[in-house]
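Below: the structure, in structure tokens.
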Amino acid sequence: MRSYSLIAPAKINLYLEILGDRPDGYHELVMVMQSVDLADRVDLRSNSTETMRVHCDHPLVPNDTSNLAYRAAYLMSQQFPQAFAQLGAVDITIHKQIPVGAGLAGGSTNAAAVLMGLNLLWELGLTQPEIQELGAQLGSDVPFCVAGGTALATGRGEKLDTLPDLDKLHVVLAKYRSLSVSTPWAYQTYRQQFESSYLRETTAQVNRRREVHSGAMLSAIAHRDSTQIGQLLHNDLEKVVLPHHPKVAELQKRFRESQPLGTMMSGSGPTVFALTHTQAEAQQLSDQMRSAIADPDLELWVAQFSHCGIHIAQ
Ligand code: ATP
């Protein structure tokens, strides 16, 4: 086949705890990641040239070599020079649905789609762990985006333990269109403010990881206890992003008034999500937010938990 269309889902973080620094300059994290069915479509088409090209008509997404999808294609061309020489480059078209700079791993999931797509197009026969290993070179969230579903992510976020699929909870996502948060800024600011509470010893980090592993959130997930999951949502980065962006804190306050299962900022934000049992509750919550906040800059999406990572479009 000369072309593939792939669905690239966004993720939310049900849990994000920062344990401390790593020697490589990143943070040591414990996260629970969850795919949702808000997704981009990534089309790959052989162009029979030596030039990888990327196109996305979203104004905030670069159409050059800095696009994470391009970087994924370039990595594949370097890793598999024979396939690249024989079968040539691809045109990558990204149909953006996932908001940009939103804490939903939009760029990472596009990169994951390109890795999966070129594996198919070039008939490389790579396994999912092999694709994830390549993905880790591009970004910490890429390995999760490849597999999707529900997972415990440790290290920089690239070490994954699959967790049981959850019931398909519904989720309302809220983000101000003109507001985005840089992930490096969020982590750097967190370090400036909270470095004194970091776990410095490797053994202390290992012990804390074990505690989370055997703790309340993972137990709630194992029992598919949606009420508990909603109550145990946690994100350390809220401590720096919410005070800096009062409008984001306000979104969470408004969500809380409607008593969803739970509400939290995703990743480094500024997207805030709220969980509900049913689609009707999610739609009602979204409508309530729309009436409560009469700001045309506010965007809302109703989505659902997904068990899928990157998959071929039907
Ligand atoms: P994460 O949750 O992984 O931290 P994010 O959702 O906060 O990511 P992205 O949407 O991935 O953020 O965008 C972050 C930056 O990356 C933006 O400034 C954007 O211009 C750039 N970028 C590069 N490639 C892409 C892509 N394919 N899609 C979206 N943004 C991209």
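Worth pointing out:
- Unit charges at the beta carbon, dipole of the range 143-233: most positive-side option, SER196, SER226, GLY149: SER196
- 5 angstrom amide H check on GLY155, placed H, neighbours 5+ away: LEU29
- With q set to 0.10, 0.14, 0.17, 0.20 Å⁻¹, the log10 of I(q)/I(0) for the range 17-171, from the Debye formula over equal scatterers at the Cα positions, is -0.37, -0.71, -1.01, -1.29.
- Under the simplified labelling scheme, the SER46-GLU299 pair shows an inter-label distance of 3.5 nm, with each label point 7 Å from Cα along Cα→Cβ.
- Relative frequency of Cα-Cα separations exceeding 27 Å in the chain, percent: 42
- Residues whose amide H falls under 5 Å from that of HIS234, counting only those 5 or more places apart or on a different chain, are TYR15, LEU16, with hydrogens built in the peptide plane.
- Residue-by-residue Karplus 3J(HN,Hα) for the range 18-30, coefficients 6.51, -1.76, 1.60, Hz, glycine and proline x: 9, 8, x, 7, 10, x, 7, x, 7, 9, 8, 10, 10
- Screening the chain for whole DSSP H helices with an alpha carbon extent of at least 15 angstrom along the helix axis and a mean Kyte-Doolittle hydropathy of at least 1.0 yields 106-121.
- For THR271, the residues whose amide H sits under 5 Å from its own are SER266, ignoring neighbours fewer than 5 places away on the same chain, with H placed 1.01 Å from N.
- Counting protein heavy atoms only, the range 3-164 has 47 percent of its accessible area on carbon and sulfur, 1.4 angstrom probe.
- Here the accessible area of the range 170-306 is 48 percent carbon and sulfur, with a 1.4 angstrom probe and all protein chains present.
- The eigenvalues of the Cα gyration tensor, multiplied by 5 and square-rooted, give the range 264-312 an equivalent ellipsoid with semi-axes of 22, 15, 10 Å from largest to smallest.
- If R0 equals 22 Å, the separation of the Cβ atoms of TRP185 and ARG256 corresponds to a calculated FRET efficiency of about 0.25.
- Computed over the chain: relative contact order in percent, which uses C-alpha pairs under 8 Å that are six or more apart: 26
- Hz values of 3J(HN,Hα) by residue in the range 150-164 - Karplus curve (6.51, -1.76, 1.60), Gly and Pro given as x: 10, 8, 8, 10, 10, x, 7, x, 8, 8, 10, 10, 5, 10, x
- Checking every one of the trypsin sites (Lys or Arg not before Pro) in the range 201-285 against DSSP loop status and a limit of 14 other Cβ atoms within 10 Å picks out ARG224.
- For the chain, the longest site-free run once GluC sites (Glu not before Pro) in DSSP loop states with at most 15 other Cβ atoms within 10 Å are removed: 202-314
- The chymotrypsin sites (Phe, Trp or Tyr not before Pro) of the range 1-88 that DSSP puts in a loop, and whose beta carbon has at most 16 other beta carbons within 10 Å, are TYR26.
- Annotation: average projected area of the range 159-314 is 11.1 square nanometres, based on the convex hull of Cα atoms across all directions.
- Å² per residue, accessible surface of the chain at 1.4 Å: 44
The values are calculated or read from the model by the stated rules, or taken from the named source; none is laboratory data. Since the model is a prediction, treat every value here as computed from it, not as a measurement. So basically every Cβ, Gly included, is an ideal-geometry build from the backbone, and we count neighbours across all protein chains shown. SASA here: full protein model, heavy atoms, side chains in, ligands and nucleic acids out. Shrake-Rupley method; radii C 1.70, N 1.55, O 1.52, S 1.80 Å.
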